[in-house]
Every structure is written in structure tokens, then in C-alpha cells.
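Notes to accompany the following structure.
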Amino acid sequence: MQQYNPHEIEPRWQAEWERSHLNRVSEADDKPQYYALEMFPYPSGDIHLGHVRNYSIGDVISRYKRMQGFNVLHPIGWDAFGMPAENAAIKQESTPGAWTYANIDRQRASLKRLGFSYDWDRSVVTSDVEYYHWGQWIFLKLWEAGLVERRNSPVNWCPSCATVLANEQVVGEGGCWRCHTAVERKVLEQWFFKITDYAQELLDDLDSLDGWPERVRQMQANWIGRSTGAEIDFTLCDAAGEPTDEKIRVFTTRADTLFGCSFFLLAPEHPLVEDFVAGTAYEAEVRRVVKLAASATAVERSKGEREKNGAFTGRFVVNPINGEKVPIWISDYVMMDYGTGAVMAVPSGDQRDYEFARKYDLPIPPVVVAEGDPMLLLLRGNARRVMDDVPWECAYDGPGVMVQSGAFTGLPGGKDSEGAQAVIDQLALEGVGQATVNFRLRDWLISRQRYWGNPIPAIYCDVCGIVPVPQEDLPVVLPKDVDVTAGETLADRPEFYEVDCPVCGKPAHRETDTMDTFTCSSWYYLRYTDPHNKELPFARTVVDGWMPVDQYIGGIEHAILHLLYSRFFTKALRDQGLLGFDEPFTNLLTQGMVKLEGEVMSKSKGNVIAPEDMIERFGADALRVYILFMAPPDKDLDWSQESLEGIYRFLNRVWRSVFDLLGAEVVDEEGTRLSLYDTNLDEAAALERGKQLNRELHRVIGKVTADFDRFNFNTAISALMELVNATGAYLKVPLDRRDEALAREVARALVLLVAPMAPHMAEELWHVALDETGSVHLAPWPSFDPSKAIADTVELAVQLNGKVRARVVVATDASEFEVREAALAAAAALIGGRPIEKVVVVPRKLVSIVY
């Protein structure tokens, strides 16, 4: 028997699999299709243990499904555009392209060394022109559909990265998702994808995603943020305080509190603010608040506990429900890009408005009072306002009774209440309001003022305006020689942006912004299905055959950004007739992190474990099995090299068990011959051990199969350990008394069961030990008979007055009476004739006797 040597076995089989195209998939295969996909990596450096975990999980699923008879698509690629490449190039005085492709080469080598079953012929790199060409084509399709817009908007600006960020890319305490620098607010003209057109469908279809973690679905639902309420038009007064024909619209979820609106708020960025205060006595204070707001992040401004800053503009609006004039203030807690940038302030019903009113001594008239509040006795039935302040220490936003609310006084108040609906109906009747739905979700800002990205295919013409690049002129090729170390962008390259207008032929200017890198990762899974198509990003017949992805695997950090954008792309492309399904990913697994002593691994902490080092010491199979064994896939894993060494020893035991089951000479790890046989075993004992091993075989096959179906790989490995332990007893049976067919069946099953997790070792054992033909990874998954996993007898504990004092073996199908009598007989000497008070039989576990 040869020794287990992963360093010789693994590279040899990797070369053979590549030579034979073992993992290449074809649509011509008539087996049922299965699409397994892990989120592709960003080539920011070497592969880390988080990658190993993600891709090991996906590889086991892929190999298992293939052995179950599926035609499995399992591709990989690289999400290669983005700011990290530029920043690294500046640091290393290189180019983003050189840095990116060097990292891809290293990562590809590591992924191959780990033995992942990717169809490398389908690999895509988003910075390859063959890929981003079709990203530009999709941009034009969305533009044709009215889903692309360029407009002025307050944006999130990262001063460190010198680019704008989508709302979803502002994280934590208002920092950049890449560099964590505090994000600023600016007003710029930018490109947007109108994801809000799909807000309701994105929300509704979450209910169909039964294969997604509830946590992820809830995170998306919260981000989309559907609110039912009303749009209400307030009439603007001129500088003299007289009503005009101009209206300012607000959205509210509490129309029942409209009578309590004692002031009106605008966002500091609102375009009306400048007109209101220019040249007035209020200008200086308003500008101070505007400056304060500009220096704070959107996250900071939206925090409820943050001190509110405001200033009166000198102007008023008219409340449409009662005709009262209400002063217009600005405040930094009102955001221009949420709702309309204007708020009807009801301090008795909203805590932020309450704090603002207290700070600036504004009225706080109660309009909805809770049942049981003593104040209700004073105000019940009062239609006119008789109280302009509340004795409360905070606002009350719950249900109650409407007071001081004209004809609506006495109606039930609260969100979606009878009173709220009555107010909305009255506003609609008068033409100054209507019921509506609002969403927290904002349109997706995709402009980036950086070089290393997909060029936006648009041209600016003084005559024709903004026009799309014609499809026949695609791709707009990103120049390779931009010197980012000197701060260059596409805006510094006249040879790139100086073009003729494709409509009128006059000199024009090409767009120099590039697209957010998430536009590349929002459709890559579609390109994998048809990666060599030169006419389209993918053919409808091909993509509909493979999609949606059956199992998607990635980190929880992508719950909003990538997953939400991908869902939007799928629905938008569906509506263009390019594909025929509603959702991109049927099932989603969010794997846990790999930590060291409870801490996230990072270069800055100096606690990174390099996968290549572990492969060098223990082999790829041991690292893969370790990663799968140490925790359920959705839980965090704490690194332990001692446990990895234990897994390496386990694989050695599997190796030796297979050879010994087949009658090979047994040697230890040093090559010393071992004698395991128990020559005192008679035929009956050998037969009983064979029956026990057969039962364990069928039990473990059933257990591993069920665990693989649920992705409980850690407990599947534990079951395999139990099977290896069970073989140990049978290996003591001399060769002339063994059931050779059973021994081979167990050895073969052991190799098949371990194959998805330790593919190199399994392939070697399949050929060298079992002398099988073809690849083990194309062999059928082992079957099992549940009835054969049931033992003929079972051993029960016998408790006497609560303590286990004896044991008894009974037939598995023994009746309760038979079990009772057997237990009493086994314990008779201990009971000593004393009267029995009670006997309780717990089937297949124990018998409790009380005397």
C-alpha cells in the first residue's frame, strides 16, 4: 500500500482534470441542469481563507449534484474594475491593469491548486473589453427603456477616493464603504439607474424567495422601505406673506396629524432656500445652517439623537386643511433626497420635530391623544385649538383620539387609521392631496469620477444634447495608458473624449465618468451561461435554460448592494425581452467568516493565515475538509491549526481504511507493517461484525446524503468519521473470514462519500485502490436502504430508582411487555424481591424501575 502523499497526488490529478476537460459543461447534455455559483472575487491580492470557505462550499455542492446526475454549471471569474486597483497602482507606481491582471494570475493558480471544479472555459473578467462591451450595450438598453437619467442631485462624495457613492455605499457612521473616510454631501449632475421604478416589485417578490435567509429578505425590505400615506400640497406665500399659486408638496404617513403642523421644514439643499433668503435679514443664519449641514454625513444628519440645527427663512406656507399660515424653517435633519425635501412638522407626534420645537420655542399643539391620557378629558370634543403646548416629555406617535382637528375631532387617530383616511379623502376632494405610497429606496447613482471602470457610452453635443453612443460603435474602449499615479482620469485625455456627434457630425465631447463597479457584478451570472457569444451578451434560449441560479453563495455583506442591484437588472432585462424569469437566485447561502481567536483576519492586524502555506504543509484536501468541518456554513469559524492537523490525520485514516478493506498490506504513516487481525474471532463473531458494518454503511450513506442536502457538511464529516471507526472493528476480522463483497462496498462508498470534499484523494483511491475506470466525480452517488440501517437488537439502560444499574439487550421489535419483563429479569438480583411501584419503558432507550 502506498502512503498518502497529497503533494504528489494533488498536482497530478489537477493536470489530468485540465487535460481531459473534466469540468467543462455543455448545454447539449440531456441531464437536468443545475447552476451552482459563488460570488466572484475581487482581485485585490492573494486568495484568503474567506475565499477558500466560500468556494469549498460551492465546490462540494457542485460535485455532489453532478454525482446525483445533474449537468452542473459551476463557473468563476473576477470582478476586476474599481477604486482599489487605482489606489494600489498609485502606491506601487504601476497601472491598474497591470496590478489587476497580476493578481488574477495568482488567484487563478491558487483556485486551481485547491482543486475547485470550475469550467475555466467560461471564466469572465469584468475589465476585459469582451465583457464590458456588453455592459455598455445593457446601459443603452436601459436608456432606451427610460431607466437611465442624468440629473442634478445631492450626492455622497468621498474626498479620499475623489468620487461619488451610491446611498448603499455609505456605511457605518457615514463612511465610504471602501476607505471609511467620512462622506460629504455635494450637488452634482450625475447618471442614475431608475431602480425606484421597480421598488414595489422588488419588495413584493421577496415573498417568493423561500430559499433565501429571512435576515437577508428583511434587510432588503427595510432598505426598500415602503410607506403608505398621502401627498399634500401647501400653498407658498410671497415675501409679504400673501398666498401665491405656487405649491410645495410633502409626503406624510400621518395625515391624521395635519392640524398639528405648527411649522414647515425644508432641507438645507432645497432649491427654494436661496430664493427665500437672498438679500434678507435671515440670510446669514440660514447660510450658517446650510454650511453645518454640508459638513455632516447623511447618516449623521438622519440620526434621531443628534442635536437639530435650524433657521427661519422669513417665509410661510398655508396649511390646506385649516388655512393657517405656518412658518418655513430649514433644518439639517431633513434630507433633500428623501421624499420631496420638505416636511410638515408635527412636534406633538414626531420626536425629532418635538426636539426642534423645544429648542426654538415653537408651538406643540396636541392633535392625537392616547386613550387614558388625562389630557383627553380636557380636549375631547374640542374642534378648535385651545392648547398650543403639551405637558409631555416626548412626542406621542401611537394610536389615539383626534383632538383640536376641526370636523375630524373624535375620530380614531394613528397610522392607517379611520381619521387619517378621512383627512386624505377631504384633501383629495379639495384637490390639494391624495393617497400615495412612498419608498425609502433611491435611484441608483452609477457615475464615478475615476479611470478604472466601464466607460459610460454617452456623448455631449452642443446641438443635439446628450446622445447615446450607437450600438455599432461599441465598445467604447478604455485606454490602457492613463497615468493614475499623476492623478490622470479620462477627463485628461482629449484623444478619448474628443469625438464627433453621431447624430449631426459636429465636434462633441464623450462622457468621461465611468460606471459604478456594481453595474459589472449585477449581470455576470448571465454572461457565464453564454460567455463566447459575440452577437449578444447572452442568447435568450441559453440563459433561460440555465437560469435562475439554483444555489448562490456569498457573504452577508452583499445583502443589499449586490443582491438588490442584481434583482433590478434581472427584472429590467426581462422587461426588454432578453430573458424569461423574475429573480436571479433561487436559493441563497450566506457563509460565515473565518476568524482568529474571535477576531476578523486582516493584514492591518497581522493575523492573516495564508491558504498557500497551509496547502504546502497539509495539502488542499485537508484544508478543504477542515474548512467544511469546523462549523456549519452559515456560522463563523474560528481558525485552529491543531484541528487542521487532526483533519489531516483523519484523511490518512480514510486512506489506510480503504486499502485495508480491500486486503492490502497495512502500514503506518512511517511505512511500518501493521497486523490488525484478531485470530480468536470465530465465524459467528465475524458474521456479526459484518452485519454491524453493513448497518453502519447504510446509516452513514443516508446521514451524509441528508446532511449534504441541507449543507450540514460538518455533521456529514462527523458521520464519515463514525464509518471509519466502524471499519476499524471489521478490519480485525482475518481476510479468510471477511465478506469481500461487503468490504469492497464499504471501501467504494467511503471513497464516493468523501469525493466532493477531498476530490484529489478520492480520485487516487478510485483508480489505485479500487481499480475503477473513469473519474470518481462522474460516478453515481451511492444509494442506501433505510431498512438495512436498523439493528436487529438494541441495548437498553435499566434504571433502578433513577440510577443506571444494569443493561439489557432486546429485539428491536420487542413489545413493551417483553421489554419490561427482560428488564425486570436483568435487575432481579438487585431488586431482591422488594415490591415494584412503577415501571416506565422509553422505547429504544431505557427502562426505569421504581421500587
Principal axis dimensions, largest first and in whole angstrom, of segment 378-454 by Cα: 67, 36, 19
I'd like to check one number: the per residue accessible area of segment 354-505, probe 1.4 Å, reported in Å² as a whole number. 49
Over all directions, average the projected area of the Cα convex hull of segment 311-416 and note it in nm². 7.2
Not counting ligands, DNA or RNA, and with a 1.4 Å probe, what is Ile556's accessible surface area in Å² rounded to the nearest 10? 50
Distance histogram for the chain (every C-alpha pair counted, 20 angstrom bins, percent rounded to whole numbers): 12, 33, 29, 19, 6, 0
Strictly greater than 22 Å: what percent of every Cα pair in segment 25-112 meets that? 40
Cut-off under 28 Å on the C-alpha distance; same-chain residues fewer than 8 positions from Lys838 excluded. Which lysines are left, in chain and number order? Lys803
I'd like the distance separating the alpha-carbon centroids of segment 729-760 and segment 339-403, in whole Å. 77
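Out of segment 342-408, which trypsin sites (Lys or Arg not before Pro) are coil in DSSP terms and have no more than 11 other C-beta atoms within 10 Å?
Loop-located and lightly packed - Arg384.
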Cleavage-rule hits, trypsin sites (Lys or Arg not before Pro), segment 519-620, DSSP coil, Cβ neighbours within 10 Å at most 15: Lys534, Lys603, Lys605
Do you know the relative contact order of segment 486-531, to the nearest whole percent, from alpha carbon pairs under 8 angstrom that are 6+ apart? 26
List the pairs from Lys303/Lys359; Lys291/Lys359; Lys186/Lys303; Lys603/Lys635; Lys186/Lys603; Lys732/Lys845 whose alpha-carbon separation is above 24 Å, in the order I gave them. Lys186/Lys603; Lys732/Lys845
Would you rank Asp416, Asp59 by solvent-accessible area, highest first, keeping every protein chain in place and using a 1.4 Å probe? Asp416, Asp59
If each of Glu307 and Lys506 carries a label point 7 Å out from its Cα toward its Cβ, how far apart are those two points in nm? 5.5
Once Rh for segment 598-741 is found with the Kirkwood sum over Cα pairs, what is the Stokes-Einstein diffusion coefficient at 25 °C and 0.890 mPa s, in µm²/s? 140
For segment 739-810, accessible area per residue (1.4 Å probe, heavy atoms of protein chains only), Å²: 43
Averaging 1/r across every pair of distinct alpha carbons in segment 141-198 and inverting yields a Kirkwood hydrodynamic radius, in angstrom, of 12.3
Round to a whole number: what % of the accessible area of the chain belongs to carbon and sulfur, probe 1.4 Å? 50
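Using a 1.4 angstrom probe, figure out how much accessible area segment 556-598 has per residue, in square angstrom, rounded to the nearest whole. It would help to have the intermediate numbers written out before the result.
Numbers: 1360 Å² over 43 residues.
With the other protein chains kept in place, segment 556-598 gives 32 Å² per residue.
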Run the reach check for Lys534 against lysines, Cα to Cα strictly under 18 Å, same-chain hits fewer than 8 apart removed. What comes back? Lys141
Tell me which residues come under 5 Å, amide H to amide H, from Leu474 once H is placed; ignore anything under 5 positions away on its chain. none
222 nm mean residue ellipticity, helices alone, for the chain (DSSP H n ≥ 4; -39,500 (n - 2.57); rounded to 500): -10500 deg cm²/dmol
Ordering Thr793, Thr126 by how much accessible area each has at a 1.4 Å probe, largest first, what is the list? Thr793, Thr126
Normalised contact order of segment 648-772, rounded percent, pairs of Cα under 8 Å and 6 or more residues apart: 36
So how exposed is Glu535, as accessible area in Å² (1.4 Å probe, rounded to 10)? 140
Heavy atoms only, 1.4 Å probe, whole protein assembly: order Asp500, Asp128 by accessible area, highest first. Asp500, Asp128
Filtered GluC sites (Glu not before Pro), segment 145-181: DSSP coil and at most 13 other beta carbons within 10 Å: Glu173
Taking only C-alpha pairs under 8 Å that are 6+ residues apart, what is the relative contact order of the chain in percent? 14
In nm, give the distance between the simple-model label positions of Glu722 and Asn152, each being 7 Å from the Cα along the Cα-to-Cβ direction. 7.0
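The values are calculated or read from the model by the stated rules, or taken from the named source; none is laboratory data. Note that this is a predicted model, so its numbers are computed, not measured. Backbone-built Cβ (ideal geometry, glycine too); neighbour counts: all protein chains shown. Ligands, DNA and RNA are excluded from the accessible area calculation, which covers all protein heavy atoms including side chains. Shrake-Rupley method; radii C 1.70, N 1.55, O 1.52, S 1.80 Å.
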